[in-house]
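First up is the structure itself, then whatever we jot down about it.
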Amino acid sequence: MDKKALLLAMSAIAAFALSAAETVVDVHSHFTTDGYFGLLDKHNARMDELYPVPEWSPNALRAFMDKAGIGISILTSTAPQPHFGDAAESAAVCRAMNREIAAIAAASQGRFLWCATLPLPSVPEAIVEAEYALGELGASGVKLPTNARGLYLGAPELDPLMAVLDKRKAVVILHPHRPEPFNAKLAEGLPLAMYEYHAETTRALARLFARNVPARYPNIRFVVPHAGAFLPLALPRMKAVHPIVRAKGLADAIDWKTNMRSLWFDLAGSATAGNVRRLLEITTADRILYGSDFPYAPAKALAANLARFRAELEADPQLRPLAAGILGENAMQLFDTSDKNKINSRRKQ
């Protein structure tokens, strides 16, 4: 082993020793169900996102968590959105998915928490499911796609749902989906996850800002994936250009400070010290969360990525004091998971 590799290994061991007593929380972990796959197969949609939806099981997730040293995973459904033009069909599948993952979480002894899948773009049905999942099933939040079959976050049609989520002080985990309309030519040889998902996430955030959705519904806590996508780079330009277009009557007033106050950021696919520093230019350390994106990469690779990230944080004097928060404490506060007895009690209700 060369000197550089040895130092890296020693740093990883030290970082692990320092954090072994802490609970690492993964806020970006996906689940699938047989019912979800059945719907995708019915509509020939397993490749809608130009990448195969991976298989998933509770045992595989638990094995990954144990290997990586993760204490709690927050589970959300993945793309594509389980809606193919039939609101009743989508509502039934989402209800079955939520019941199934609720039962799996209840049996996990606090290791798994979950966020509800909603049958968007059917807003009335989504409201019913949000109320049921958050109220009856004990969901820890809801997952919202950047767009649901072309209905983008920030659209006025979603205001009734946002009002419900605001009333319930919900955590909302955002996730990019294939943009609509979609130009397949632009994606040739360029999987959505390599570029377009970042653009899609940033686009959805800009639309939320344009209508001041986070500011108007301040009790909703939005978790933005993938280290904020392009937002750390785009936000200064958005702020610079906005007064110009507003003076032309092309935009409404935007409350940047209040909108940003409602955002948290996960590091799925982007867990590096450099990305943490970039996020610190637009947010505070208590808003940064760890995420793995399991099972979209091999468990071995994801575990190695977490070990590397821990070592990077430990080796950086500026970031070392923030490590415990980023790796778990921030998420435990956001999802109210600091008391495992409370988690277990809530999951059994």
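The values are calculated or read from the model by the stated rules, or taken from the named source; none is laboratory data. Note that the coordinates shown come from a computational prediction; the quantities given were computed from them, not determined experimentally. Positions of Cβ are backbone-derived with ideal geometry, glycine not excepted, and every protein chain shown enters the neighbour counts.
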Give me a count of the residues in region 156-179 that are under 20 Å from the mean Cα position of the chain (by Cα) and either polar (S, T, N, Q) or loosely packed, with under 14 Cβ neighbours inside 10 Å (or both).
1
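One line per residue, one yes/no per condition, for (1) closer than 30 Å to Phe64 by Cβ; (2) among the aromatic types (Phe, Trp, Tyr); (3) surrounded by 15 or more Cβ atoms within 10 Å (Cβ to Cβ):
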| position | (1), (2), (3) |
| --- | --- |
| Leu235 | no, no, yes |
| Ile244 | no, no, no |
| Thr283 | yes, no, yes |
| Arg308 | yes, no, yes |
Any hit, region 24-35, residues being without any contact (Cβ under 8 Å) to a residue 24 or more places away in the chain, out of contact with any strand residue (DSSP E or B) (no Cβ under 7 Å at 6 or more places or on another chain) and part of a loop (DSSP other than H, G, I, E, B):
no
Scanning region 285-304 for residues that are of a type outside the set (Ser, Thr, Tyr) and either at positive phi or part of a loop (DSSP other than H, G, I, E, B) (or both), the one surrounded by the most Cβ atoms within 10 Å (Cβ to Cβ) turns out to be Gly291
When restricted to Ala79, Ala91, the only residue within 13 Å of Gly35 (Cα to Cα) and buried (at least 17 other Cβ atoms within 10 Å of the Cβ) is Ala91
If you go through region 180-207 one residue at a time, how many are more than 18 Å from the chain's Cα centre (by Cα) and outside any helix (DSSP H, G or I)?
8
May I ask you to say which residue of Asn259, Asn275 is polar (S, T, N, Q), buried (at least 19 other Cβ atoms within 10 Å of the Cβ), touching a helix residue (DSSP H, G or I) at 6+ places or on another chain (Cβ under 7 Å) and under 25 Å from Ala155 (Cβ atoms)?
Asn259
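Select from region 237-296 the residues that are charged (D, E, K, R) and in contact with a Pro (Cβ under 8 Å, 6 or more places away or on another chain) and write down the one among them that is nearest to Ala79 (Cα to Cα).
If we filter region 237-296 for residues that are charged (D, E, K, R), which is where we start, we get 237, 239, 246, 248, 252, 255, 257, 261, 266, 277-278, 281, 286-287, 293.
Those left that are additionally in contact with a Pro (Cβ under 8 Å, 6 or more places away or on another chain): 261, 266, 278, 281.
Working: Arg261: 27, Asp266: 18, Arg278: 27, Glu281: 30 Å.
Checked region 237-296; the qualifying residue nearest to Ala79 (Cα to Cα) is Asp266.
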Residue, surrounded by the fewest Cβ atoms within 10 Å (Cβ to Cβ), within region 211-230, restricted to residues that are of a type in the set (A, V, I, L, M, F, W, C) and in a helix (DSSP H, G or I):
Ala215
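Hey, could you check region 41-91 for residues that are of a type in the set (S, T, N, Q) and without any contact (Cβ under 8 Å) to a residue 12 or more places away in the chain and say which is nearest to Leu186 (Cα to Cα)? Please lay out each step first, then the result.
Start the filter on region 41-91 by keeping residues that are of a type in the set (S, T, N, Q), which leaves 44, 57, 59, 73, 76-78, 81, 90.
This time we only want the ones that are without any contact (Cβ under 8 Å) to a residue 12 or more places away in the chain, so: 44, 57, 59.
Details: Asn44: 22, Ser57: 33, Asn59: 38 Å.
Selected residue: Asn44.
Here's the yes/no breakdown for (1) modelled with pLDDT under 95; (2) small (Gly, Ala, Ser); (3) in a loop (DSSP other than H, G, I, E, B):
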| position | (1), (2), (3) |
| --- | --- |
| Phe209 | no, no, no |
| Pro232 | no, no, no |
| Val245 | no, no, no |
| Leu250 | no, no, yes |
| Thr258 | no, no, no |
| Ala271 | no, yes, yes |
| Val276 | no, no, no |
| Thr283 | no, no, yes |
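Scan region 101-150 residue by residue and report those that are among the acidic types (Asp, Glu) and closer than 15 Å to Ser90 by Cα. Spell out how you get there, then give the answer.
Filtering region 101-150 for residues among the acidic types (Asp, Glu) gives 125, 129, 131, 136.
Listed by number, the residues that qualify are Glu125, Glu129.
Which residues, taken from region 101-129, are part of a loop (DSSP other than H, G, I, E, B) and buried (at least 24 other Cβ atoms within 10 Å of the Cβ)?
Hits for region 101-129 are Leu118, Pro119, Leu120.
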Can you name the residue in region 183-203 that is more than 18 Å from Ala268 (Cα to Cα) and surrounded by 15 or more Cβ atoms within 10 Å (Cβ to Cβ) and is also modelled with the highest pLDDT among such residues?
Arg203
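Taking the condition on the phi > 0 side of the Ramachandran plot and either in contact with a Lys or Arg (Cβ under 8 Å, 6 or more places away or on another chain) or part of a helix (DSSP H, G or I) (or both), does Leu61 pass? Spell out how you get there, then give the answer.
On the way: on the phi > 0 side of the Ramachandran plot: no; either in contact with a Lys or Arg (Cβ under 8 Å, 6 or more places away or on another chain) or part of a helix (DSSP H, G or I) (or both): yes.
No; evaluated as a whole, the condition is false for this residue.
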Considering residues that are in contact with a helix residue (DSSP H, G or I) (Cβ under 6 Å, 6 or more places away or on another chain) and of a type in the set (S, T, N, Q), the number found within region 108-132 is 2
